Amino acid sequence: MGTLRLFDAHNHLQEFAGRADFARMVDEARKVGVERMVVNGTRESDWPAVARLANEWPELVVPAFGLHPWHVASRTPGWLKTLEARLREFPHAAVGEIGLDRWVRDFDWDAQTAVFAEQWRLAVALNRPAQVHCLRAYGHLEQMLRDERKPERGWLLHNYGGPAEMVPAFAALGASFSFSGYFLTARKIADRTAAFTRVPGDRLLLETDAPDMAPPEEFSRFSCFPREGGGPANHPGNLAGVCEGLARVLGVSPEALAARTTANAARMFLGDAG
Ligand SMILES: [Zn+2]
């Protein structure tokens, strides 16, 4: 097998920053073919770490800045201004991770939808792609976005766990869809195959969501330190396994899937033509 050329459409590399084995981990990911990754901030307090990584690894890291629905309550009065400043500081940064989540405990729906809409409109205004998290709110998301302008470079439904039947509707709204290693687990694979076979070829991306969403053992090339909740953290180099797993399901070669998903990600996040 040749070397894969991979683009991780969504991870949180900043959560590994400061670890003694950080540089080795990045090196391992690059050795298995990860050429680029979108590193997503989730709240004001982790945006500086994302910015630092983007400056330190400019050829690898595409930064994304956003307020995740789980962290809406942590925002300061100046959060939106700070976000806009971060996006202007990095002209190639995406907006993310933003989204809607009716699964998390004690969510404040009004605050979530307002914060999501403000960030979405900022993405449109600054012509940036958006990274969208959605849990148990797919109908709401679809309805909301029908009436909104869309980012010209598109937007990503990361770790798409929604219904297969909604893929065409989201695609019509300009969405792309990324597949994570967690979807290769026995619990998820049949259902996610049904959804991802409906994703148009030019809208399909791969992600690790590291340190979350670890693939099953069979597709894990690397494991990291144990996490508080048990189980190892997902490693950014496991993108190679995600590619191999989805390629098997779709009946294509990993090289072809890597090339296609990398081109799709480059178009959205780097503005590359073709
Ligand atoms: Zn994420």
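Considering only segment 110-120, I want to know if a residue exists there that is assigned to a loop (DSSP other than H, G, I, E, B) and surrounded by 18 or more Cβ atoms within 10 Å (Cβ to Cβ).
Start the filter on segment 110-120 by keeping residues that are assigned to a loop (DSSP other than H, G, I, E, B), which leaves none.
Looking through segment 110-120, none of the residues is assigned to a loop (DSSP other than H, G, I, E, B) and surrounded by 18 or more Cβ atoms within 10 Å (Cβ to Cβ).
Being more than 21 Å from Arg227 (Cβ to Cβ) and either acidic (Asp, Glu) or within 16 Å of the ligand (Cβ to nearest atom) (or both) is the filter here, so list the residues in segment 38-54 that pass it.
Of the residues in segment 38-54, the ones more than 21 Å from Arg227 (Cβ to Cβ) are 38, 44, 47-48, 51-52, 54.
Hits for segment 38-54 are Val38, Glu44, Trp47.
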Within segment 38-61, residues assigned to a loop (DSSP other than H, G, I, E, B) and of a type outside the set (Val, Ile, Thr) come out as Gly41, Arg43, Trp57, Pro58, Glu59, Leu60
Going through (1) away from the ligand (no atom under 16 Å from the Cβ); (2) among the β-branched types (Val, Ile, Thr); (3) modelled with pLDDT under 95 one by one, Thr76 fails only at (3)
Contact list, first residue from segment 103-121 and closer than 18 Å to Gly162 by Cβ, second anywhere and of a type in the set (Val, Ile, Thr), beta-carbon distance below 6 Å, six or more apart or interchain, is Gln112/Val72; Phe116/Ile98
Of the residues in segment 176-202, those that are more than 16 Å from the ligand (Cβ to nearest atom), touching a Phe, Trp or Tyr at 6+ places or on another chain (Cβ under 8 Å) and more than 20 Å from Glu217 (Cβ to Cβ) come to Ala195, Phe196, Val199
Picked from segment 54-71 (must be crowded, with 22+ Cβ neighbours inside 10 Å and of a type outside the set (Gly, Ala, Ser)), the residue farthest from Phe269 (Cα to Cα) is Pro69
Only one of Glu35, Glu15, Glu97 is in contact (Cβ under 8 Å) with a residue 40 or more places away in the chain, part of a strand (DSSP E or B) and within 16 Å of the ligand (Cβ to nearest atom), namely Glu97
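What number of residues within segment 124-163 are part of a helix (DSSP H, G or I) and either within 22 Å of Ala265 (Cβ to Cβ) or within 16 Å of the ligand (Cβ to nearest atom) (or both)?
Here the count works out to 4.
The values are calculated or read from the model by the stated rules, or taken from the named source; none is laboratory data. Nothing here was measured: the structure is a model prediction, and the numbers come from that model. We place every Cβ from the backbone using ideal geometry, glycine too, and count neighbours over all the protein chains shown.
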